[in-house]
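Please treat every number below as a calculation from the coordinates, not as lab data. Everything numeric in this text was worked out from a predicted model, so none of it was measured. With ideal geometry, Cβ positions are generated from the backbone for all residues, glycine too; neighbour counts draw on all protein chains shown.
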């Protein structure tokens, strides 16, 4: 029996990158998603593996640099009739020569052929991002053919009636479900049959709020329509998970008044990780905060609250806090920590580092030059 092998390390953090490995954007996460299915994909995968990363692949399931498919170099047939098209006959483009695609069986098989190369090169997971079909689309020849196949009747323009628009949207979502199922099933079987290993699939999407606002149909978007009014009425989207709080003030209501957030916070979008007790959030504004009032059961224990680096080997003692900070080359690493006593010294690789101590919150801020090889950092108070 083939079994999924146990991971040597968890995959909590990751980022996407289209370029080959480079130390200036080596974020020291658990995994990297190499982006796109260009011809140099195997070399890019090998470079990130050599740097010690677990490697995933991310590519678009609705759009991408798929000109070899569009212009017939892949299978000898031009596929521009599969570009999403609006009522006026205009292609819906993400960029020049990069249309949003109708997820036909042919297009799904094209993506599978390239994903197979990524599996051959050793990726452990695939991210098929943004399965998006514009509500304004539904007028391409490929969509008309799909309508006839599914509904058994000639295509009806989506704008002809509410029923036609509903049926078109339902078909769009169903086509993406089929394409994703076809790709995932075929590639999982290929990985097992060829290499005796499993490959995981993920479907990254925008938020349901965003898709409702932009009028995009996605496999999960149809279920959201009835919830949109609730967010518009309350204006504030406010979510807290543990000590982390994210808030967004909607601007669709027409009200220009700010919303005030009060508490004791670290502002995580600020490169100095500044402190705040009162924040005014304007319409269309966003904040990401660390809530200093949150009790995680470790009050009184020295700890790092936030940092622009990967933290390893964090050790607290009676006289100080020590850790290793890994980050891209050439950046300034910002760190804010809670300490039980006012610090007397901070250092990175033995060199003194200037710091700012806030007595009210008992937090200290320091910054230093980053390195992907890691810096040994310590705060001393005894």
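Figures for the structure shown
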quantity	calculated
Extended-chain gain in nm, criterion 0.36 nm per residue less alpha-carbon gap, residue 15 and residue 185	58.7 nm
Three-way shape label, segment 124-193, alpha-carbon gyration tensor, a/c 1.5	prolate
Shape category assigned to the chain from the gyration tensor of Cα positions, a/c cut at 1.5	oblate
Separation of the residue 318 and residue 174 label points, Cα + 7 Å toward Cβ, nm	7.2 nm
R0 of 30 Å, Cβ-Cβ distance residue 295-residue 95: FRET efficiency to nearest 0.05	0.05
Degrees between helix 105-120 axis and first principal axis of the chain (Cα, 0 to 90, nearest 10)	40 degrees
Added length on full extension, which subtracts the Cα-Cα distance from 0.36 nm per residue, residue 382 to residue 81	101.2 nm
Computed lengthening from residue 270 to residue 349, 0.36 nm per intervening residue step minus Cα-Cα distance	25.9 nm
Burial ordering of 82, 43, fewest other beta-carbon atoms within 10 Å first	43, 82
Helix-only CD estimate at 222 nm, as mean residue ellipticity for the chain, using -39500 (n - 2.57) per DSSP H run (n ≥ 4)	-7500 deg cm²/dmol
Spin-label model distance (nm) - residue 113 vs residue 39, 7 Å beyond Cα toward Cβ	1.5 nm
Cut-off 20 Å, label 7 Å out along Cα→Cβ of residue 360, residues of segment 289-321 by amide N	289-295, 300, 305-306
Theoretical FRET efficiency, 1/(1+(r/R0)^6), r = Cβ-Cβ of residue 329 and residue 145, R0 45 Å, to 0.05	0.30
Counting DSSP beta bridges with both ends in the chain, the antiparallel % (nearest 5)	75 percent
Residue 51 versus residue 262: modelled label distance in nm, points set 7 Å from Cα along the beta carbon direction	4.6 nm
